[in-house]
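The values are calculated or read from the model by the stated rules, or taken from the named source; none is laboratory data. Because the structure is a prediction, the values reported are computed rather than measured. Note: ideal-geometry Cβ built from the backbone for every residue, glycine included; neighbour counts use all protein chains shown. These area figures cover heavy atoms from the full protein model, side chains too; ligands, DNA and RNA do not enter into them. Shrake-Rupley method; radii C 1.70, N 1.55, O 1.52, S 1.80 Å.
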Amino acid sequence: MVSADVARRERFEAVVGETYDPLQRYLRRRASPPDAEDALAEILLTMWRRLDEMPRDNPLPWCYGVGRLTLANQRRGAGRRAKLMNRLAMERPMSEPEPASDQELEAALADLSEDDQELLRLWAWEQLEPREIAVALSVTPNAVSLRLGRARKRLESELRRKNHPRAGQEEAYGRKEPQ
């Protein structure tokens, strides 16, 4: 088994040695330097994963085909991002709620469970990612993401409940309160 792995690695290294420079030139003529680098990395990964499908005698044309598809995927992704950015730019900005004071936040946080408090503090104060919080709490990253979303909603609900204006003082959409 070890010899098969060694043979596979050696074949991959030989193919990369043969195709790396031509692929780099091919990509640089068709994409910006950062996009070309990203595409080359993606091509190398595909070459490794599909090494058994790659022609043995002349792999370069096959690699060009992978490169062409990789660049097409990059262009489609860039187009989707541009459309999303345009759509977001056209949307009416939402009004931001007044930020809670430290005292209001502490009071709302105190009304949550100990687990929610710890989760929110690890996320907000320690600035840990869900995967890092998962390690700290000995749970899965997926569980952290779900619990974090729920805890944030509960905290937001507590803040709204504590800061909700009394009946008759709410501002109607588009109208100001009578003075």
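Shape of the stretch 1-141 from the C-alpha gyration tensor: oblate (a/c of 1.5 or more and a/b not above b/c, with a ≥ b ≥ c the square roots of its eigenvalues). Annotation note: GluC sites (Glu not before Pro) in the stretch 98-157 located in DSSP loop regions with a Cβ neighbour count of at most 13 within 10 Å are 126. Among the GluC sites (Glu not before Pro) in the stretch 1-57, those located in a DSSP loop and surrounded by at most 10 other Cβ atoms within 10 Å of their own Cβ are 53.
Solvent-accessible surface of the stretch 1-145, taken per residue with a 1.4 Å probe and all protein chains present: 72 Å².
Of the trypsin sites (Lys or Arg not before Pro) found in the stretch 20-84, the ones in coil according to DSSP and having at most 13 other Cβ atoms within 10 Å of their Cβ are 29, 50, 56.
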